[in-house]
Amino acid sequence: MDWLSRFERALHKADRASLRGLFDPDCHWRDLLALTWDIRTVSGVDAVVSNLEQHSARNFRIDPERTPPRQVTRAGQQCTEVLFRFDAPDGPGAGVVRLFPDTQKAWTLLTALSDLAGHEEHVGTRRPKGQAYSRDFSGPNWLDQRNARAEYRDREPAVLVVGGGHAGLSIAARLTQRGIDTLIVDRHARVGDNWRTRYHALTLHNQVHVNHLPYMPFPPNWPVYIPKDKLANWFESYAEAMELNYWTGTEFQGGTYDPDGRWTVTLRRADGTRRTLRPRHVVLATGVSGIPNVPDIPALRNFPGKVIHSGQYVDGEDWRGKRAVVIGTGNSGHDIAQDLHSAGAAVTLVQRSPTLVVQCDPSAQLVYSLYSEGPPLEDCDLITTSVPLALARRTHQLATEHAKNLDRGLLEALERKGFRLDFGEDGTGWQFKYLTRGGGYYFNVGCSDLIVEGKIGLAPSAELERLLPGADLVVLATGWKGQEALVGRLFGEALAARVGPIWGFGADQELRNMFRRTAQPGLWFIAGSFAQCRIYSRYLALQIQSDLLAA
Ligand SMILES: Cc1cc2nc3c(=O)[nH]c(=O)nc-3n(C[C@H](O)[C@H](O)[C@H](O)COP(=O)(O)OP(=O)(O)OC[C@H]3O[C@@H](n4cnc5c(N)ncnc54)[C@H](O)[C@@H]3O)c2cc1C
């Protein structure tokens with residue numbers, strides 16, 4: 001393709017004028033490790049050109065194994081979208097360029113490192129031979145070796161992953177396929193308990209084809225919305241199939257980073273014993289929400305009934321025939337109110353601040369429409385990654401407007417009941433609420449209808465005092481503190497201050513401290529949706545591998 005060869009020539013010669021001629025004034029370049037060894041976005045032709053001209057890469061060509069160039073509409077704008085491959089200085093790269101059809105100038109460019117030359121993933125033609133397990137009749141077989149490896153009796157893991165939900169599983173699978181000795185620890189008794197312990201009726205909010213874990217997609221006969229226990233059991237099979245070392249019933253209690261470039265971490269095992277390990281890297285995969293946010297509500301000080309945070313809620317069985325007040329109108333508040341109602345409790349939901357409500361199906365799925373457009377999963381992931389923040393915001397504004405129209409009947413009925421709605425900053429909708437503050441929205445799976453029908457009560461927080469005298473239970477669905485609070489607790493306030501805010505966008509248009517190098521050597525974070533963890537675990541694993549090779 002002409003643009004790619006002209007780009008390669010200009011890059012090779014560091015020819016500023018030619019480079020400039022290839023980009024629209026309103027352009028964006030996102031790099032995932034390929035040229036900068038960082039995850040970063042720069043915007044505007046001056047910044048893009050002056051950053052690009054410092055780098056070089058070769059062999060840019062349309063990728064014959066990927067979706068061919070095509071006309072698409074992205075963020076409301078027609079463009080030609082081209083998926084390409086190239087040779088980055090450290091390994092094969094993949095990218096996407098979007099050209100304006102009239103000028104053939106680039107609007108967005110993604111360059112992403114796919115693998116590390118000489119240290120490729122052990123998959124496909126590079127898979128292990130397996131001979132070692134079958135030919136030695138007297139020696140330990142595959143299972144003996146696997147069990148022994150997982151005990152870490154006489155060696156240290158290179159990487160310790162704290163938390164074995166989908167974030168922890170994704171990064172551990174990526175690292176393990178790269179031959180990096182990785183151990184997951186999770187305080188739950190069984191792999192998948194992070195889902196099993198959630199409310200009885202839970203099915204996932206997003207459709208199955210968006211939620212695959214790396215390497216091992218869900219079977220094609222699985223339901224569109226996966227029930228939580230089915231997912232939990234899949235996690236168990238996944239950990240086994242991917243040969244992940246996973247210690248259940250094990251709490252990570254904290255650690256210190258030593259001058260020799262290793263951590264000393266303390267783990268509490270299920271039997272109460274403590275174990276110290278010395279990994280080179282620690283990946284926190286403990287979820288976006290770390291520590292419960294329990295506000296001081298004066299009206300509750302003398303409340304004689306039971307007060308729990310949403311994180312402590314298990315189910316409504318004990319509250320049949322009782323009165324419950326649920327404070328907070330995000331997903332947890334709504335789901336708990338609905339669960340209590342279905343168990344036979346009389347429930348009032350107390351609203352503190354305006355909340356975004358979107359019908360789970362189809363409106364909440366609009367932002368994932370790419371995944372049902374036809375390209376294979378790997379291409380959808382690359383295309384998703386290639387959308388810079390400015391375009392993502394515009395895309396989500398458009399999807400939010402569309403959803404508002406689809407959901408108009410429900411939203412108007414809620415407002416008539418006194419529910420205060422909002423649609424996110426600048427109308428960017430639920431996903432930006434998630435990405436910037438980890439909540440503030442509700443995917444309606446029935447609770448909004450119960451509110452509209454008057455089966456679940458709704459009150460503003462000013463009325464809390466009036467509601468309490470008749471209540472038996474108060475649930476604080478008041479959210480969670482940011483992950484930095486957890487970092488302070490586990491590693492000390494000085495380290496937490498050095499790392500700074502986690503999650504939410506920084507000035508560089510990327511999620512802060514997520515999937516990328518932090519100010520603390522050897523400390524990394526992974527969190528977010530299944531899709532985010534599937535996509536970015538690849539790049540996090542590459543960074544950790546590169547550090548280990550350099551050590
Ligand atoms: C009803 C509902 C539907 C959802 N649907 C979707 C969907 O369709 N798609 C999607 O992408 N997301 C969905 N989500 C959101 C999100 O993906 C989940 O909340 C998910 O659990 C986050 O995964 P995680 O691995 O980051 O963290 P978690 O699932 O929170 O796992 C963190 C793990 O870390 C462990 N841990 C924490 N601290 C320690 C410690 N000190 N020591 C040891 N272990 C520790 C915990 O035990 C836990 O198992 C949904 C959420 C809900 C509630």
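The values are calculated or read from the model by the stated rules, or taken from the named source; none is laboratory data. Computed from a prediction, not measured in an experiment: that's the story for all the values here. FYI the Cβ positions are ideal-geometry reconstructions off the backbone, even for glycines, and counts take in every protein chain you see. Side chains included, ligands, DNA and RNA excluded: accessible areas come from the protein's heavy atoms. Shrake-Rupley method; radii C 1.70, N 1.55, O 1.52, S 1.80 Å.
Pull up region 156-202, narrow it to residues that are more than 7 Å from the ligand (Cβ to nearest atom) and polar (S, T, N, Q), then point me to the one that is modelled with the lowest pLDDT.
Taking the candidates together, the pick is Thr197.
Would a scan of region 148-158 turn up a residue that is more than 23 Å from the chain's Cα centre (by Cα), without any contact (Cβ under 8 Å) to a residue 40 or more places away in the chain and part of a helix (DSSP H, G or I)?
Yes, the conditions are met somewhere in region 148-158.
So that you can scan it fast, the table gives a plain yes or no per residue for (1) closer than 30 Å to Arg30 by Cα; (2) open to solvent by 30 Å² or more (accessible area, probe 1.4 Å); (3) at pLDDT below 95; (4) over 26 Å from the mean Cα position of the chain (by Cα):
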{"residue": "Ala399", "(1), (2), (3), (4)": "yes, no, no, no"}
{"residue": "His402", "(1), (2), (3), (4)": "yes, yes, no, no"}
{"residue": "Leu410", "(1), (2), (3), (4)": "no, no, no, yes"}
{"residue": "Phe423", "(1), (2), (3), (4)": "yes, yes, no, no"}
{"residue": "Gly438", "(1), (2), (3), (4)": "yes, yes, yes, no"}
{"residue": "Ile451", "(1), (2), (3), (4)": "no, no, no, yes"}
{"residue": "Leu458", "(1), (2), (3), (4)": "no, yes, no, yes"}
{"residue": "Arg466", "(1), (2), (3), (4)": "no, yes, yes, yes"}
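Say whether the condition of being closer than 28 Å to Ser369 by Cβ, open to solvent by less than 20 Å² (accessible area, probe 1.4 Å), out of contact with any Gly (no Cβ under 6 Å at 6 or more places or on another chain) and of a type in the set (A, V, I, L, M, F, W, C) is met by at least one residue in region 148-164.
For region 148-164, residues closer than 28 Å to Ser369 by Cβ, open to solvent by less than 20 Å² (accessible area, probe 1.4 Å), out of contact with any Gly (no Cβ under 6 Å at 6 or more places or on another chain) and of a type in the set (A, V, I, L, M, F, W, C): absent.
Restricting attention to region 1-36, which residues are in contact (Cβ under 8 Å) with a residue 24 or more places away in the chain, exposed (fewer than 15 other Cβ atoms within 10 Å of the Cβ) and in a strand (DSSP E or B)?
If the condition is that a residue be in contact (Cβ under 8 Å) with a residue 24 or more places away in the chain, exposed (fewer than 15 other Cβ atoms within 10 Å of the Cβ) and in a strand (DSSP E or B), then Asp26 is the only one that fits.
Output the helices (runs of 4 or more DSSP H) that fall wholly within region 467-551 and possess 2 or more residues being within 12 Å of the ligand (Cβ to nearest atom), or say none.
Passing ranges, in order: 483-491, 530-550.
Which members of region 253-290 meet the condition of being within 11 Å of the ligand (Cβ to nearest atom), within 19 Å of Val499 (Cα to Cα) and either of a type outside the set (Val, Ile, Thr) or open to solvent by 40 Å² or more (accessible area, probe 1.4 Å) (or both)?
Result: Gln253, Gly254, Gly255, Leu284, Ala285, Thr286, Gly287, Ser289, Gly290.
So which residues in region 436-486 are aromatic (Phe, Trp, Tyr) and out of contact with any Leu (no Cβ under 6 Å at 6 or more places or on another chain)?
Tyr442, Phe443, Trp480
From the list Val97, Val82, exactly one residue is surrounded by 13 or more Cβ atoms within 10 Å (Cβ to Cβ), under 25 Å from the mean Cα position of the chain (by Cα), among the β-branched types (Val, Ile, Thr) and under 24 Å from Arg393 (Cα atoms). Which is it?
From the options Val97, Val82, the qualifying one is Val97.
Report every pair of residues separated by at least 6 positions or lying on different chains whose Cβ atoms are under 7 Å apart, first residue within region 40-67 and open to solvent by 50 Å² or more (accessible area, probe 1.4 Å), second part of a loop (DSSP other than H, G, I, E, B).
Arg40/Asp508; Arg40/Glu510; Ile62/Met1; Ile62/Pro69
Looking only at region 306-325, which residues are out of contact with any Pro (no Cβ under 7 Å at 6 or more places or on another chain) and closer than 18 Å to Asp296 by Cβ?
Lys306, Val307, Ile308, Ser310, Gln312, Val325 - these are the residues of region 306-325 that are out of contact with any Pro (no Cβ under 7 Å at 6 or more places or on another chain) and closer than 18 Å to Asp296 by Cβ.
Mind counting the residues in region 311-331 that are farther than 17 Å from Ser461 by Cα and within 15 Å of the ligand (Cβ to nearest atom)?
Within region 311-331, residues that are farther than 17 Å from Ser461 by Cα and within 15 Å of the ligand (Cβ to nearest atom) number 6.
Could you list all residues from region 208-232 that are in a loop (DSSP other than H, G, I, E, B), surrounded by 19 or more Cβ atoms within 10 Å (Cβ to Cβ) and near the ligand (Cβ under 9 Å from one of its atoms)?
Asn211, Ile226
Within region 479-498, which residues are closer than 21 Å to Thr266 by Cα and surrounded by 14 or more Cβ atoms within 10 Å (Cβ to Cβ)?
Gln483, Glu484, Ala485, Leu486, Val487, Gly488, Arg489, Leu490, Phe491, Gly492, Leu495, Ala496
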